[in-house]
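Encoded as structure tokens, the structure appears first; notes follow it.
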Amino acid sequence: MESELLSKLRTKDDLDILRGELDLLENALYQSINKYNEVIKNDIRSWVSEIILKEGKEDLKGYIKKLRSEILTVPVLSASINFEPSNTFIEKLSLWLKQNIDKKIVVDLLLNTASLGGIQLSYRGKYLDLSLRKKISAELANVRLQKG
């Protein structure tokens, strides 16, 4: 089973919010049906509620358990940028990553104004620094070597 929820997540923050929502739902399930109905209507994002109600209608407890284990396999790409990204930027980046890397991937966007521009990427133990700071530092080191 692969939940539609995972394909709709864009950022690591979305993933963390979903974990919290699953905690709320699971706790409500063990309290009462009224508590569960209250949580699913008021405390969970509406699009998440719709998918959970559709996919988990047979065995909600089992569904939540499977979803929790699926969440552990979601790959995260860390991207350090020097600007506050817009929702459009995040949406386009997420769409490209899902089409070209992995349909479940989420991005962890980190603000780093020291990079001066460009991007620093980290994914599955690999690191790539495409920042202006690195390029400028390399050029300065090259100039120093030529003078010396």
Query raised in the report: Quick one: Debye curve from the C-alpha atoms of segment 4-71, no solvent, what's log10 I(q)/I(0) at q = 0.15, 0.21, 0.27 Å⁻¹?
Result: -0.42, -0.86, -1.46
Query raised in the report: Hey, got a sec? Which GluC sites (Glu not before Pro) in segment 56-129 land in a DSSP loop and have at most 16 other Cβ atoms within 10 Å?
Result: Glu58
Report summary line: Mean projected area, convex hull of alpha-carbon positions in segment 76-147, reported to one decimal in nm², is 5.7
Query raised in the report: For the chain, what is the calculated [θ] at 222 nm in deg cm²/dmol (nearest 500), taking -39500 (n - 2.57) for each run of four or more DSSP H residues and dividing by its residue count?
Result: -18000 deg cm²/dmol
**Report entry** Förster radius 41 Å - calculated FRET efficiency between Gln146 and Leu95, Cβ distance, rounded to 0.05
**Finding:** 0.40
Report summary line: Quick calc, the chain, dipole around Cα centre from Cβ unit charges on Lys, Arg (+) and Asp, Glu (-), nearest 20 debye, gives 700
Query raised in the report: How much length is gained on full extension from Leu130 to Ser46, taking 0.36 nm per residue of separation minus their Cα-Cα distance?
Result: 26.4 nm
Requested in this report: Run the quick spin-label model on Lys35 and Ile17: label points 7 Å from Cα toward the beta carbon, then report their separation in nm to one decimal.
Outcome: 2.5
Report summary line: Excluding residues fewer than 8 positions from Lys57 in its own chain, the lysines with Cα under 19 Å of it are Lys35, Lys41, Lys65, Lys66
Query raised in the report: Quick one: Val107, Val74, fewest Cβ neighbours within 10 Å first, how do they rank?
Result: Val74, Val107
Report summary line: Percent antiparallel among DSSP beta bridges confined to the chain, nearest 5, equals 55
Report task. Please list, or write none, the aspartates and glutamates whose alpha carbon is within less than 20 Å of the alpha carbon of Lys104, excluding same-chain residues fewer than 8 places away. Result -> Glu2, Glu4, Asp13, Asp14, Asp16, Glu21, Glu50, Glu55, Glu70, Glu91
Requested in this report: Show which lysines lie in cross-link reach of Lys135 when reach means a straight Cα distance below 18 angstrom and same-chain residues fewer than eight apart are skipped.
Outcome: none
Requested in this report: Using only C-alpha atoms and all pairs of different ones, pull out the Kirkwood radius for the chain in Å with one decimal.
Outcome: 17.8
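Bear in mind that the values in this text are calculations on the coordinates, not laboratory data. All values derive from a computational prediction rather than experimental measurement. FYI the Cβ positions are ideal-geometry reconstructions off the backbone, even for glycines, and counts take in every protein chain you see.
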